[in-house]
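As structure tokens, the structure follows; a few thoughts come after it.
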Amino acid sequence: MSVVIQFSPDLSGWIVESLDNGRTPAEIVQSLVERRLNPRAARTVVDAFVSARRDGRPVPVDSLTIETGASDYVYEAPRLPMGPRIATFDRTIDVVARAEKPMIAALAGVVTPEECAQLVELARPRLGPSTVADARTGKDVVTDHRTSRGMFFRPRENDLIARLDRRFSEVAGLPVENGEGLQILHYGVGAQFPPHFDFVQPSNRANEESIARSGQRVTTLIAYLNDVEEGGETAFPVAGWTVFPRQGGAVYFEYANSRGQVDPRTLHAGCPVLRGEKWIATKWMRERRFVPAAAVR
């Protein structure tokens, strides 16, 4: 069953202007609720605008059709171990704070200062403009709204990467082989990544084939490789969480269950860097062994 949410073109223009002016999706949703729009409908409308802008598609003008037959996301037992510490093969990681719905955790002591410096040194000469997956084609494209620079290490490319691949996989409780290549991103002043999801959306053939090969992405770990002077937070606007970048720390979150559902409450963003720079390492884990498209060509 589908439902059509209708709204005025003026409201569409106001949402776009609000996003352009830096208002968070959560703030816009609250404003719509204050205008007597149903909270769930308000969140759905704003999410549609954010998704369209992220993927380079036209934003809705006066209506939005949503499917209501799917059940709400069902939270299952988290993959992240319970308790204040996580023991991996080579170090103990502290759990500073955690939430269950959605499953988000702030971690400390994930990467040593020496490992942070080594990752930056190895990644710096290999950086290129960051890309996003085009929703229509699945191809990686450069866009104006993602302003970082990045690169990928191959899984277990060297001793350092192999060690981190194993450590990060143990945090998620998944086999090392389920991990995608470790991504390093660099953000200069003003660089940011607007609200987005990490799960793979089957909106094109390439994404459908990726899910068929490796299963859905299920967890993300973002490790901070330096202290940012100001800005650069990782914000979860729907969940109401903000994690500040501190060297060696990380934010971890889960967003897929055994029923094939994905959690829309894990919408998140890399806030603009206001002073200094930001370096992060991102590890995505899949349901099954990760098989890149290049491996089957």
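The values are calculated or read from the model by the stated rules, or taken from the named source; none is laboratory data. This one's a predicted model, so the numbers in the text were calculated from it and none came from an experiment. Cβ: placed from backbone, ideal geometry, glycine included. Neighbour counts: every protein chain shown.
Scanning region 150-205 for residues that are of a type in the set (Phe, Trp, Tyr), assigned to a loop (DSSP other than H, G, I, E, B) and over 19 Å from ARG289 (Cβ atoms) yields one hit, PHE197. Among the residues of region 122-149, which ones are modelled with pLDDT under 95 and not in a loop (DSSP other than H, G, I, E, B)? Across region 122-149, the qualifying residues are GLY128, PRO129, VAL132, ALA133, ASP140, VAL141, ARG149.
Considered as a group, the residues in region 176-205 that are aliphatic (A, V, I, L, M) and either in the same structural domain as SER18 (by TED's automatic domain parsing) or crowded, with 17+ Cβ neighbours inside 10 Å (or both) include one that is nearest to ASN158 (Cα to Cα), and that residue is LEU182. Listed by first and then second residue, the pairs with beta-carbon distance under 6 Å, at least 6 apart or on different chains, first residue in region 202-221 and over 25 Å from PRO102 (Cβ atoms), second surrounded by fewer than 22 Cβ atoms within 10 Å (Cβ to Cβ), are ASN204/ARG136; ASN204/THR137; ASN204/GLY138; ALA206/GLY138; ARG213/VAL291.
The selection criterion, being within 26 Å of ARG213 (Cβ to Cβ) and either outside the structural domain of PHE197 (by TED's automatic domain parsing) or in a helix (DSSP H, G or I) (or both), holds for ALA294. Selection of region 28-58 for residues being at pLDDT below 85 and not in a helix (DSSP H, G or I) yields ARG35, ARG36, LEU37, ASN38, GLY56, ARG57. Within region 242-272, restricting attention to residues that are at pLDDT 95 or above and assigned to a strand (DSSP E or B), the residue that is farthest from PRO81 (Cα to Cα) is THR242.
Within region 239-297, the set of residues being among the polar types (S, T, N, Q) and closer than 25 Å to ASP47 by Cβ comprises THR242, ASN257, SER258, GLN261, THR266, THR282. Among the residues making up region 262-290, those that are of a type in the set (Lys, Arg), surrounded by fewer than 22 Cβ atoms within 10 Å (Cβ to Cβ) and within 26 Å of ARG163 (Cα to Cα) are ARG288, ARG289.
Of all residues in region 242-261, those satisfying the criterion of being surrounded by fewer than 19 Cβ atoms within 10 Å (Cβ to Cβ) and either charged (D, E, K, R) or over 21 Å from CYS116 (Cβ atoms) (or both) are THR242, ARG246, ASN257, SER258, ARG259, GLY260, GLN261.
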